[in-house]
Amino acid sequence: MKHVDVKALANELQEPWRPAEICRFDGYHAFVVVVEGSFYPHRHSHDEFYYVLEGEVQVEVNGRVITVPAGQALLVQAGEEHHTSAAQRSVMLVVESRSITYEPTAGPPEDDMYQGEPV
């Protein structure tokens, strides 16, 4: 059994969009990530589960903006174009398949905070 202080792990994260993996299980992994600024629009091969731990995250899914405050969750289904952003530092717990693939639907803009592939 692995015990992780998720809040402490999240507090150690300094850079947006640089996740810290919590655990791996049954072909999935869970990680925390700071959301600030925007992540370019994309879709992927598997479902992705978001749980907002701190702050408030906006997720544009197929052209519809969904606001997800702390304590709430969102399931983005495979193939759905989405774009995640936050005006201020927010923290999410994400659970997804370790074999997930990402397909950008618009390239990362020059001013995008994103700087590499997700975990």
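Some points to look at:
- Expressed in units of 2.2 N^0.38 Å, where N is the residue count, the Cα radius of gyration of the chain is 0.99.
- Length gained when the stretch ARG24-THR101 is fully extended (0.36 nm per residue, less Cα-Cα span): 26.0 nm
- Across the alpha-carbon atoms of region 40-84, the computed radius of gyration and Dmax are 10.1, 27 angstrom.
- Per-residue Cβ neighbour rank within 10 angstrom, fewest leading, ARG89, ARG43: ARG89, ARG43
- Spin-label pair LYS2/LEU53, simplified geometry with 7 Å Cα→Cβ offset, distance in nm: 1.4
- Computed from the C-beta positions of GLU80 and LEU13, the FRET efficiency with R₀ = 25 Å rounds to 0.45.
- GNM result for the chain, Cα springs below 10 Å: residue of ARG98, ARG64, ARG18 fluctuating most strongly: ARG64
- Within the chain, helix-based [θ] at 222 nm, where runs of 4 or more DSSP H residues each add -39,500 (n - 2.57), nearest 500: -1500 deg cm²/dmol
- Net charge in the neighbourhood of GLY71 (other residues with Cβ under 13 Å of its Cβ; Lys, Arg +1, Asp, Glu -1) is -2.
Throughout, read-outs are computed from the coordinates displayed, never taken from laboratory work. Here the structure is a predicted model, which is why all the values come from computation and not from measurement. Here Cβ is always computed from backbone atoms with ideal geometry, including for glycine, and neighbour counts include all displayed protein chains.
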